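Following: one structure in structure tokens, then a few remarks.
Laboratory data are not the source of any read-out in this text; all were calculated from the coordinates shown. Here the structure is a predicted model, which means the values were calculated and not measured. Every residue, glycine among them, receives a Cβ derived from its backbone with ideal geometry; neighbour counts consider all protein chains shown.
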Amino acid sequence: MGDSGGSVVSIDVERISFGGKEHHIQTNYGPVSVAVYGDHDKPALVTYPDIALNHMSCFQGLLFCPEAASLLLHNFCIYHISPPGHELGAAPISPNAPIPSVDDLAEQVAEVLDFFGLGSVMCFGVTAGAYILTLFASKYRERVLGLILVSPICKGPTWTEWLYSKLYCQVMSNLLYYYGMCGLVKECLLQRYFSKEVRGFSELPESDIVQACKSLLDQRQSMNVWRFVQTMNERYDLTEQLKQLQCRTLIFVGENSQFHSEAVHMTSKLDRRYCALVEVQACGSLVTEEQPHAMLIPMEYFFMGYGLYRPSQLDCSPRSPLSPFCISPELLSPESMGVKLKPIKTRVRLEM
């Protein structure tokens with residue numbers, strides 16, 4: 001493992017039941033938890049989840065899909081970065097600690113890469129996490145080989161979010177402080193993550209994934225979540241920075257996601273030669289949990305551009321760094337990913 005300037009200390013905690021290892025890293029922007037899964041000799045895939053989630057509640061559905069797990073773990077060592085105070089078993093962050101800015105969190109990602117001695121990496125972010133990794137990519141273009149973004153945001157907060165922030169800060173902060181993750185806060189978050197069909201209504205009970213998410217939300221330190229909400233509500237527009245990105249980007253968005261229009265906007269601002277948008281029908285924002293199987297084929301074609309395949313297609317294990325610049329130019333086109341520049345509608349039949 002690498003160290004950045006001797007200022008980083010790691011305490012390792014074995015997560016035997018999930019086969020990974022968690023590292024608590026002290027950075028210049030505060031502590032951060034990183035759960036590492038896989039062979040360190042393989043190329044690195046860095047993930048960042050949405051608000052109030054960590055790798056267990058944001059990427060577990062995808063990694064529990066056998067085909068997706070084989071694709072990702074065969075080709076990558078996965079570094080799951082949790083937002084500050086969102087890791088499993090997190091303690092409350094001191095109220096005296098400064099709330100980090102989005103730039104601080106992007107710099108924190110850079111320090112995590114330095115700690116592990118990583119050069120260029122693949123990035124995989126969901127909504128707020130997609131914003132942080134896109135910002136990181138705009139600051140460190142040479143360190144990002146590709147972006148996989150799920151229901152991403154790239155603009156500043158909307159008026160709706162601003163009003164929600166006022167409600168959350170002024171009314172909910174006392175509830176969060178004294179009573180934890182109360183029902184109203186959880187319902188707001190579930191509406192952010194999932195479509196109405198899986199959240200349930202009078203004729204249809206809520207799905208297992210929503211019940212599991214509720215259980216995991218109960219484990220969050222409510223004021224730590226509040227701090228991340230504050231950070232994201234101070235974000236700024238990345239539209240101009242998007243025009244400078246040259247890494248290949250694969251964007252997924254649920255048809256019913258409240259961030260659908262922002263994902264389309266983001267796609268329109270990225271270089272069309274290197275970007276593709278996949279719209280998943282009958283799905284909310286958290287595609288990794290609600291319909292992870294819809295992500296498999298687009299990801300397979302996306303990784304083919306880097307010479308990476310599922311084990312059934314290639315027996316040898318990749319050991320060399322990813323480098324799209326060593327691949328023929330035609331493999332960098334959206335057509336080589338097996339997707340079109342206009343949204344693809346992935347139809348899924350719902351069991352009623």
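Normalised by the empirical 2.2 N^0.38 Å for globular proteins, what value does the Cα Rg of region 25-166 take? Please list the in-between numbers first.
Values: Rg = 15.0 Å, N = 142, 2.2 N^0.38 = 14.5 Å.
Working it through for region 25-166, the quotient is 1.04.
In a DSSP loop and with at most 16 other Cβ atoms within 10 Å, the chymotrypsin sites (Phe, Trp or Tyr not before Pro) in region 203-280 are 236. Under the convention that each Lys and Arg Cβ holds +1 and each Asp and Glu Cβ holds -1, the size of the dipole of region 18-97 around its Cα centre is about 100 debye. With R₀ fixed at 45 Å, the C-beta to C-beta distance from residue 96 to residue 236 puts the FRET efficiency at about 0.95. When the charge dipole of region 17-119 is built from unit charges on Cβ atoms (+1 for Lys and Arg, -1 for Asp and Glu) and taken about the Cα centre, the candidate among 36, 115, 101 whose Cα reaches farthest toward its positive end is 36.
Can you give the extra length, in nm with one decimal, that the chain gains between residue 208 and residue 155 once fully stretched, where that is 0.36 nm per residue apart less the Cα-Cα distance?
Working: separation 53, 0.36 × 53 = 19.08 nm, distance 3.24 nm.
That pair, residue 208 and residue 155, stretches by 15.8 nm at full extension.
Each of residue 39 and residue 223 was given a label point 7 Å from its Cα along the Cα-to-Cβ line. The distance between the two points is 4.5 nm. Can you pick out the pairs among 21/214; 155/269; 155/186; 42/243; 21/42 whose Cα atoms lie more than 19 Å from each other? Beyond 19 Å between Cα atoms: 21/214; 155/186; 42/243. Computed extension gain for residue 297 through residue 70, at 0.36 nm per residue and net of the alpha carbon distance, reaches 80.4 nm.
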